[in-house]
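A short reminder: the numbers here are calculations on the coordinates, not readings from a lab. Here the structure is a predicted model, which is why all the values come from computation and not from measurement. Counting neighbours? That spans all protein chains shown, and the Cβs are built from the backbone with ideal geometry, glycine included.
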Amino acid sequence: MSKTIKVAVIGCGGIANGKHLPSLSQVEQVELVAFCDIIEERATKAAAEYGVEGAKVFTDFRKLLAETDVEVIHVCTPNDSHAEITVASLESGRHVMCEKPMAKTAEQARQMLDAAKRTGKKLSIAYQNRFRNDSMYLKQLCEEGELGDIYLGKALALRRRAVPTWGVFLDEEKQGGGPLIDIGTHALDLTLWLMDNYEPKSVTGQVFHKLGDRENAANAFGPWNPEEFKVEDSAFGFITMKNGATIILESSWAINMVDIGEARTMLCGTEGGADMTNGLRINGEKNSRLYDTKIDLGAGGVAFYDGKVENEAVREARTWIEAVIEDKEPVVKPEQALVVTEILEAIYESAKTGKAVYFD
């Protein structure tokens, strides 16, 4: 690939600096030419650290779209603005990588998908956990039928005490929820993708706000302010798919549990099972005996891997830019991300009404 792609980042806060900017800077075909944030100092700092010479800084994304010739936009803003910025970017003729979740609501996510179809531009959502070595290896096994018919999945995103206390994470109006929409979304996306099943039939859910009102709580990021903690501290969902398969989703920022871990999955199929509890383990039955195997992921040979030393975030960025340059479908399709958002919304709705939510 010799073509160079001009990229702009809208939203220069934590996720942009923690993932998108350092990852994009390692993709040689990328030129980071424009930066936008409602706090100008953030955009200026990002431009100085990651931008090309003469990179432009904006505080209004509309001006960025009107006054630059960028080809790709990365949307790294709070959940409630994903749809507005993404739709405007697509309609201006740009391809878009939007941070997860796809949107705050399913209706907003559908607007994004409609805009992508209407404009013919590429849209992808930043579910980087698909690009981990263990995820890609397991995906290959699933596609080869090693697990058989996968009828049970567990999507796990559990923190014992790791409530994010910065930005707008605790603001329900901006984010739409807490750990379910923040980290549960990663686990659910990973599980649906591995099962290759995007047809939910019904959802039952429950959310809890049991620990968020505590003063001076133990927390990896320092005590949270109970008055600001407007979202759930844990959430759980039971999802039945149209083919009868079942997915159990567990998510928390704060819960009294020691068996924790994020963006993990457990799968049970007719021919075998898999989990990510202690590395990637595959289990099954052979010659009338049970077996379980821990996969050595240090030996290479996984999909998308071309000998470069790169983490999942860099691999995500590189694969996305390759899809733009080579006019290929992105690994994370917007249709798939929409189903994730629809299920998350159904869990919140079920928790609020006390009733199951059924899909058409």
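Looking only at Ile150, Ile282, Ile15, which one moves most when the chain is put into a Gaussian network model with springs between Cα atoms under 10 Å?
Looking only at Ile150, Ile282, Ile15, the biggest GNM fluctuation is shown by Ile15.
Expressed as a whole number of Å, what is the distance separating the alpha-carbon centroids of segment 46-88 and segment 200-217?
34 Å
Could you work out the relative contact order of segment 1-151? I mean the mean sequence separation of Cα pairs under 8 Å and 6+ apart, divided by the number of residues, in percent.
It comes to 18 percent, rounded to a whole number.
Taking the simple approach of a point 7 Å from Cα along Cα-to-Cβ for both Asn216 and Ala48, what is their distance in nm?
Between Asn216 and Ala48, the simple spin-label model gives 3.9 nm.
Could you size up the charge dipole of segment 1-98 around its Cα centre, putting +1 on the beta carbon of Lys and Arg and -1 on that of Asp and Glu, and report it in debye to the nearest 20?
So the magnitude is around 140 debye.
May I ask you to evaluate 6.51 cos²θ - 1.76 cosθ + 1.60, the Karplus curve with θ = phi - 60°, for each residue of segment 197-209 and list the ³J(HN,Hα) values in order in whole Hz, giving x for glycine and proline?
Per-residue couplings from phi come out as 9, 10, 10, x, 9, 8, 9, 10, x, 8, 10, 10, 10 Hz.
Pull up all non-local amide H partners of Lys230: gap of 5 or more, or a different chain, and H-to-H distance under 5 Å with H placed in the peptide plane.
Answer set, sorted by chain and number: Glu172.
Under the rule of -39500 (n - 2.57) per DSSP H run of 4 or more residues, summed and divided by the residues of the chain, what mean residue ellipticity at 222 nm is obtained, to the nearest 500 deg cm²/dmol?
That comes out to -9000 deg cm²/dmol.
Quote the relative contact order of the chain in percent (integer), defining contacts as alpha-carbon pairs under 8 Å separated by 6+ residues.
Here the relative contact order equals 20 percent.
Top mean-square fluctuation among Trp320, Trp166, Trp193, Gaussian network model of the chain, C-alpha springs under 10 Å?
Largest GNM mean-square fluctuation: Trp166.
Length gain on complete extension for the stretch Asp327 to Thr277, per 0.36 nm per residue less the alpha carbon to alpha carbon distance?
14.3 nm
At 0.36 nm per residue, minus the direct Cα-Cα distance, what do Asp360 and Lys117 gain on full extension? Give it in nm, one decimal, please.
85.3 nm
Could you give me the ³J(HN,Hα) list for segment 264-277, computed from phi with Karplus coefficients 6.51, -1.76, 1.60 and θ = phi - 60°, whole Hz, x at Gly and Pro?
Per-residue couplings from phi come out as 10, 9, 10, 10, 10, x, 6, 10, x, x, 8, 8, 10, 5 Hz.
For segment 99-164, report the translational diffusion coefficient in µm²/s to the nearest whole number, using Stokes-Einstein at 10 °C, 1.306 mPa s, and a Kirkwood Rh over Cα pairs.
Estimated diffusion coefficient is 104 µm²/s.
In nm, to one decimal, how far is the Arg160 label point from the Lys201 one, both placed 7 Å along Cα→Cβ?
Those two pseudo-labels are separated by 3.8 nm.
Please name whichever of Leu123, Met195, Ser135 sits farthest to the positive end of the charge dipole of segment 111-195, dipole taken about the Cα centre and charges placed at Cβ: Lys and Arg +1, Asp and Glu -1.
Working it through, the farthest residue towards the positive pole turns out to be Leu123.
What list of ³J(HN,Hα) couplings, whole Hz, do you get for segment 342-355 from phi and the Karplus terms 6.51, -1.76, 1.60, once you set θ to phi - 60° and write x for glycine and proline?
These are the phi-based 3J(HN,Hα) values: 4, 5, 4, 4, 5, 5, 4, 5, 4, 5, 6, 8, x, 10 Hz.
Note the direction-averaged projected area, equal to a quarter of the hull surface, for the Cα convex hull of segment 12-69, in nm².
Directional mean of the projected Cα hull area for segment 12-69 stands at 3.8 nm².
Sort the following peptides by mean Cβ neighbour count (other Cβ atoms within 10 Å, averaged over residues), highest first: 101-111, 220-230.
101-111, 220-230
Out of Gly177, Gly153, Gly18, any idea which swings most in a Gaussian network model of the chain, alpha carbons joined below 10 Å?
Gly18
Search the structure for amide H atoms under 5 Å from the amide H of Lys100, placed 1.01 Å from N in the peptide plane, and list their residues when 5 or more places away or on another chain.
Amide H to amide H, under 5 Å and 5 or more residues apart or across chains, Lys100 pairs with Ala126.
Suppose every K and R has +1 on its Cβ and every D and E has -1 on its Cβ; what is the size of the dipole of the chain about the Cα centre, in Debye to the nearest 20?
The dipole magnitude comes to about 260 debye.
Taking 0.36 nm per intervening residue step and subtracting the Cα-Cα distance, what contour gain separates Glu228 from Ser288 on full extension?
The Glu228-Ser288 span can extend by a further 16.0 nm.
Normalized C-alpha radius of gyration of segment 24-136, against 2.2 N^0.38 Å?
Relative to the rule-of-thumb radius for its length, segment 24-136 sits at 1.09.
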